[in-house]
Amino acid sequence: MTGWVAVAGLGPGHDDLVTPEVQAALGEATDIVGYIPYVRRVPDRPGLTKHESDNRVELDRAAHALQMAAEGARVVVVSSGDPGVFAMASALFEALDSGPRHWLDLDIRILPGITAMLAAAARLGAPLGHDFAAINLSDNLKPWSLIETRLRAAGKAGFAMAFYNPRSRSRPHQFARALEILREACGGETLISFARAVSTQEESITTVPLNEATPEMADMRTMVIVGNRDTRRIGRFVYTPRSAP
Ligand code: SAH
């Protein structure tokens, strides 16, 4: 039996947004590895073993997947959205980098998915139609001071921005600080959108000027998108023109 590992993105939530390539890999897998809610999205079937793990154990999880593949299993490591965006693909390569050399001979594939930022942008209209920056607002893996520096720099440079992991219960004050920095760097009239649980039954979308944004508008299921100074509303849509004046 020849083992392999695929790191696959399950998209933002709705089954229609899982690519056929990912569906096929899930159909051939013997083992699914990942964070509990993502593993639960894969239907049970005979011959499939699911290995659920908690958040923050990404390296152990990746090493476990590589080990099982080395022993002949067909393993899919699942992420939400795209596996290369603040997710498991980098963790797998970090584990590969510090693991036994023979893991390099394994059949390893990264299968893209629709990342939350693009699903959210599509719901809104086209807020990322010009240059933009994607920033993870969690300080789990980097210092908060670096996040502040990047927010300020991206805002001042006129990038639209997409924020992953905007706010959690353990660090509620940080998103309030992020909003202050954005008002200073982008101006209070710049539009900010909160797209929550996109493509699920709990989906909700709100757009306000930065001056009216409050920290409670975001939680960990929300994608936050800030426009540039040219981003505007047309009817129920938000879009950023393709050209800069
Ligand atoms: N790899 C994932 C991102 C993981 S970080 C991807 O490519 O989408 C997790 C963050 O993604 C959440 O805190 C939230 O900001 C965002 N997110 C994931 N799914 C979402 C959804 N359906 N709607 C809105 N935001 C979502």
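The values are calculated or read from the model by the stated rules, or taken from the named source; none is laboratory data. None of the values given here were measured: they were computed from a predicted structure. Cβ: placed from backbone, ideal geometry, glycine included. Neighbour counts: every protein chain shown.
Of everything in segment 21-54, what is closer than 13 Å to V78 by Cβ and among the hydroxyl-bearing types (S, T, Y)? Give them in sequence order.
Hits for segment 21-54 are Y35, Y38, S53.
Starting from segment 152-165, take each residue that is of a type in the set (S, T, Y) and list its partners that are at pLDDT 95 or above and buried (at least 24 other Cβ atoms within 10 Å of the Cβ), counting only C-beta distances under 8 angstrom and pairs at least six apart or across chains.
Final answer for the pair search is Y164/A116; Y164/M117; Y164/M223.
Is it the case that I205 is within 26 Å of D82 (Cα to Cα), touching a helix residue (DSSP H, G or I) at 6+ places or on another chain (Cβ under 9 Å) and more than 11 Å from the ligand (Cβ to nearest atom)?
Taking the combined requirement at face value, the residue does not satisfy it.
For the condition surrounded by fewer than 19 Cβ atoms within 10 Å (Cβ to Cβ), within 16 Å of the ligand (Cβ to nearest atom) and either within 11 Å of W4 (Cα to Cα) or among the polar types (S, T, N, Q) (or both), what is the one hit in S98, S90?
Going through S98, S90 in turn, just one is surrounded by fewer than 19 Cβ atoms within 10 Å (Cβ to Cβ), within 16 Å of the ligand (Cβ to nearest atom) and either within 11 Å of W4 (Cα to Cα) or among the polar types (S, T, N, Q) (or both): S90.
Provide a single number: the residues in segment 199-239 that are crowded, with 17+ Cβ neighbours inside 10 Å, under 15 Å from A122 (Cα atoms) and without any contact (Cβ under 8 Å) to a residue 60 or more places away in the chain.
1
Condition (residue is surrounded by 17 or more Cβ atoms within 10 Å (Cβ to Cβ), in contact (Cβ under 8 Å) with a residue 60 or more places away in the chain and more than 18 Å from C186 (Cβ to Cβ)) applied to segment 124-147: is it met by at least one residue?
Among the residues of segment 124-147, at least one is surrounded by 17 or more Cβ atoms within 10 Å (Cβ to Cβ), in contact (Cβ under 8 Å) with a residue 60 or more places away in the chain and more than 18 Å from C186 (Cβ to Cβ), which makes the answer yes.
Evaluate the following for A62: is it within 15 Å of the ligand (Cβ to nearest atom) and either in a helix (DSSP H, G or I) or touching a Pro at 6+ places or on another chain (Cβ under 7 Å) (or both)?
yes
Of all the residues that make up segment 36-66, how many are within 20 Å of P100 (Cβ to Cβ), buried (at least 18 other Cβ atoms within 10 Å of the Cβ) and not acidic (D, E)?
6
For segment 1-54, which strands (runs of 3 or more DSSP E) that fit wholly inside it have 1 or more residues that are farther than 17 Å from I110 by Cα and touching a His at 6+ places or on another chain (Cβ under 9 Å)?
Qualifying strands (runs of 3 or more DSSP E): 49-53.
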